[in-house]
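A.B. asks: Would you mind keeping the following structure in view while I ask a few things?
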Amino acid sequence: MLSNQILFFQNITLAIQNNRVFETSIDPELINQNWTTIVNMIDSHPDEFTKREPSKNRIELNQFHRKSSVKPIVKTIISSLLEICPDKRITNIAFIGFGIHKSFPSHKDKMDVLLVQVKGRIKLAVEEIDKVMMPGDVVYIPRGIYHKITPLQSRLTYSFGIEG
């Protein structure tokens, strides 16, 4: 397990250094959450870090890594990204959507993004990748690269931003 994590972060490091889209996966058990836990995460998240979008059936939880109940892999990802990019600011958002819901149209971000699919399925279109992401799938998207996410069902997606 530890050697898989080391390889995972080595691959992410190379993708960041080479400024290229990269896809990989982690053990889904590292991020596995049931819907009761996810709803409790929403209910207990501070209002100032919660963005509710009822017209899109979507909720965004900013700075979710601060919760004591967060899976350890989340803090591992953040600390590893800080080691890989010591001069950058790492942000994180948990995107939670219910049913087949609206997401962002095709767009590019001003930061590098590491997406981790936690629950449910989404379709991701970015450069030559057009795939259905399942729990455990991870994609690194450098800033300025157009991408589109289409939720296929209720979902939880972690997004880690590398800013600066």
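A.B. asks: If a residue must be open to solvent by 10 Å² or more (accessible area, probe 1.4 Å) and out of contact with any Ser or Thr (no Cβ under 8 Å at 6 or more places or on another chain), how many such residues does region 109-145 contain?
C.D. replies: Qualifying residue count, region 109-145: 15.
A.B. asks: Here's another thing I want to ask about it. All but one of (1) at pLDDT below 95; (2) assigned to a loop (DSSP other than H, G, I, E, B) hold for I145, so report the exception by its number.
C.D. replies: (1)
A.B. asks: Restricting to region 1-58, what's the tally of residues that are closer than 19 Å to M133 by Cα, part of a loop (DSSP other than H, G, I, E, B) and open to solvent by less than 50 Å² (accessible area, probe 1.4 Å)?
C.D. replies: Qualifying residue count for the region: 4.
A.B. asks: Can you tell me which residues in region 69-108 are assigned to a loop (DSSP other than H, G, I, E, B), in contact (Cβ under 8 Å) with a residue 60 or more places away in the chain and open to solvent by 30 Å² or more (accessible area, probe 1.4 Å)? If you could, list the steps in order and put the result at the bottom.
C.D. replies: Taking region 69-108 first, the residues assigned to a loop (DSSP other than H, G, I, E, B) are 69-71, 85-88, 98-106, 108.
Adding the requirement that they be in contact (Cβ under 8 Å) with a residue 60 or more places away in the chain leaves 85, 87-88.
Of everything in region 69-108, those that are assigned to a loop (DSSP other than H, G, I, E, B), in contact (Cβ under 8 Å) with a residue 60 or more places away in the chain and open to solvent by 30 Å² or more (accessible area, probe 1.4 Å) turn out to be D87, K88.
A.B. asks: Any idea which of I42, I59, I38, I6 is touching a Lys or Arg at 6+ places or on another chain (Cβ under 6 Å) and either of a type in the set (S, T, N, Q) or more than 12 Å from L114 (Cβ to Cβ) (or both)? Talk me through it step by step, then tell me what you get.
C.D. replies: Values: I42 fails: touching a Lys or Arg at 6+ places or on another chain (Cβ under 6 Å); I38 fails: touching a Lys or Arg at 6+ places or on another chain (Cβ under 6 Å); I6 fails: touching a Lys or Arg at 6+ places or on another chain (Cβ under 6 Å).
Exactly one of I42, I59, I38, I6 is touching a Lys or Arg at 6+ places or on another chain (Cβ under 6 Å) and either of a type in the set (S, T, N, Q) or more than 12 Å from L114 (Cβ to Cβ) (or both), namely I59.
The values are calculated or read from the model by the stated rules, or taken from the named source; none is laboratory data. As the structure is a computational prediction, the values presented were derived from the model and not from experiment. Backbone-built Cβ (ideal geometry, glycine too); neighbour counts: all protein chains shown. Surface accessibility is based on the protein's heavy atoms, side chains included, excluding ligands, DNA and RNA. Shrake-Rupley method; radii C 1.70, N 1.55, O 1.52, S 1.80 Å.
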